[in-house]
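These notes concern the structure reproduced below.
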Amino acid sequence: MHEGFASREERAALIAELPKAELHLQIEGSLEPALMFELAQRNRVAIPFASVEEVRAAYAFSNLQDFLDIYYQGMGVLHREQDFHDLTAAYLAHAHADNVRHVEIFFDPQGHTARGVAFGTVVAGITRALDDAEASYGMTSKLIMCFLRHLSEDEAEATLDAALPYLDRIAGVGLDSSEVGHPPAKFERVFARAKRLGLKTVAHAGEEGPPEYVREALDLLKVDRIDHGNRSLEDPALVARLAAEGMTLTVCPLSNLKLCVVDDIAAHPLKTMLDAGLKATVNSDDPSYFGGYVGANYQAVADALDLSRDELVTLARNSFTGSFLSDADKAKHMTAIDACA
Ligand code: ADE
């Protein structure tokens, strides 16, 4: 136990008490097996599982693609506006329980429009739940739509076209799905257009892909944040640059463990990132698939790496300073963190 804490419980209490923002959450990855069954029944969609236990047993992955295959299949139960609302409301209740005060949520429109679900149906369901959470929990939010990188840039352009009527509710664009073989360079033009439209930009890079993909995300996509970024550590010059630029990395410890990005949570690079001056944050990615919401991610990595009080406070601070909130809102959250630091 780190000398700053008398016990594991004391560290758990600090994690619970710290106000947090979550910056890397795939809303479709928060679909719990019980809700999957309920929606399958509601929408008369067949799923290849007989029980919640069978679903959980199928969540054994040896890499990102293994997971993505089952993730795209799982989201097939989402059809109506109410389904997207219920999915989002369930995630927000978990986030609230973990003392999350602000969320920046990803969604994968192409995973739905390809099945005939209208873009507007997805946005309406998600945003209704976000608005309810602001009213009932005081939790603020931003929505980020991701382009699926295994598809073409033309398809990403068509998705951006479909988003145009909803840009009042969409803060940014991201890039996710199968990383290796689909470098950021493939999406340079559509990201430039998104920027011209005033959208923030983020991209998954360095989860499975090489440090070069992180460089491309910075130089070609001109991203505001890097999602994951683990493999940046293989390139000292890149680490120095990320630190100097104050670039936020949205790190996902339990995801990294389940997708075999790390072999053991005790080998997770989060502490190395902090020691190198990187602005790392802790996030849950696809919590239903990876075994824990944001609080569980903090706890797992804090226990395994024996994180100090200062390191946990830094992670909470980074989650707000790396967010797309206004400076005034960030300052308000810093004051709340100071109260429990
Ligand atoms: N889509 C959902 N989760 C993802 C992850 N961890 N990496 C890339 N794409 C994803």
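The values are calculated or read from the model by the stated rules, or taken from the named source; none is laboratory data. Just so we're clear, the structure is a prediction, and the values are computed from it rather than from any experiment. Positions of Cβ are backbone-derived with ideal geometry, glycine not excepted, and every protein chain shown enters the neighbour counts. Heads up: the accessible areas ignore ligands, DNA and RNA and are worked out on the full protein's heavy atoms, side chains in. Shrake-Rupley method; radii C 1.70, N 1.55, O 1.52, S 1.80 Å.
Taken together, the residues in the range 1-54 that are away from the ligand (no atom under 16 Å from the Cβ), polar (S, T, N, Q) and crowded, with 22+ Cβ neighbours inside 10 Å amount to 0.
Within the set 158, 129, 203, the sole residue that is of a type outside the set (Ser, Thr, Tyr), free of Cβ contacts under 8 Å to residues at least 40 places away in the same chain and open to solvent by less than 10 Å² (accessible area, probe 1.4 Å) turns out to be 203. Residues that are in contact with an Asp or Glu (Cβ under 8 Å, 6 or more places away or on another chain), more than 20 Å from residue 255 (Cβ to Cβ) and small (Gly, Ala, Ser) are absent from the range 145-164. Just one of (1) within 16 Å of the ligand (Cβ to nearest atom); (2) open to solvent by 10 Å² or more (accessible area, probe 1.4 Å); (3) out of contact with any Pro (no Cβ under 9 Å at 6 or more places or on another chain); (4) of a type outside the set (Gly, Ala, Ser) fails for residue 225. It is (2).
The residues of the range 86-132 that are within 18 Å of the chain's Cα centre (by Cα) and on the phi > 0 side of the Ramachandran plot amount to a single one, 99.
Which residue is farthest from the ligand (Cβ to nearest atom), if the candidates are limited to the range 132-151 and must be in contact (Cβ under 8 Å) with a residue 12 or more places away in the chain and open to solvent by 40 Å² or more (accessible area, probe 1.4 Å)? The qualifying residue farthest from the ligand (Cβ to nearest atom) is 138. What about residue 168, is it within 25 Å of residue 121 (Cβ to Cβ) and either within 16 Å of the ligand (Cβ to nearest atom) or modelled with pLDDT under 95 (or both)? Against the criterion (within 25 Å of residue 121 (Cβ to Cβ) and either within 16 Å of the ligand (Cβ to nearest atom) or modelled with pLDDT under 95 (or both)), residue 168 does not qualify. Please name all residue pairs, on different chains or six or more residues apart, with Cβ atoms under 6 Å, provided the first residue is in the range 53-82 and is without any contact (Cβ under 8 Å) to a residue 24 or more places away in the chain and more than 14 Å from residue 256 (Cα to Cα) and the second residue is away from the ligand (no atom under 16 Å from the Cβ) and outside any helix (DSSP H, G or I). Here the result reads 55/49, each pair linking the range 53-82 to a residue that is away from the ligand (no atom under 16 Å from the Cβ) and outside any helix (DSSP H, G or I). Taking the conditions exactly as written (among the hydrophobic types (A, V, I, L, M, F, W, C), more than 16 Å from the ligand (Cβ to nearest atom) and touching a helix residue (DSSP H, G or I) at 6+ places or on another chain (Cβ under 8 Å)), does residue 126 satisfy them or not? Spelling it out, it is not the case that residue 126 is among the hydrophobic types (A, V, I, L, M, F, W, C), more than 16 Å from the ligand (Cβ to nearest atom) and touching a helix residue (DSSP H, G or I) at 6+ places or on another chain (Cβ under 8 Å). Annotation note: of 239, 190, 180, the sole residue that is in contact with an Asp or Glu (Cβ under 7 Å, 6 or more places away or on another chain), away from the ligand (no atom under 15 Å from the Cβ) and over 15 Å from residue 106 (Cβ atoms) is 190. If only residues of the range 104-123 that are part of a loop (DSSP other than H, G, I, E, B) and away from the ligand (no atom under 16 Å from the Cβ) are counted, the one that is surrounded by the most Cβ atoms within 10 Å (Cβ to Cβ) is 117.
If you go through the range 118-135 and keep only what is β-branched (Val, Ile, Thr) and touching a His at 6+ places or on another chain (Cβ under 6 Å), you end up with just 122.
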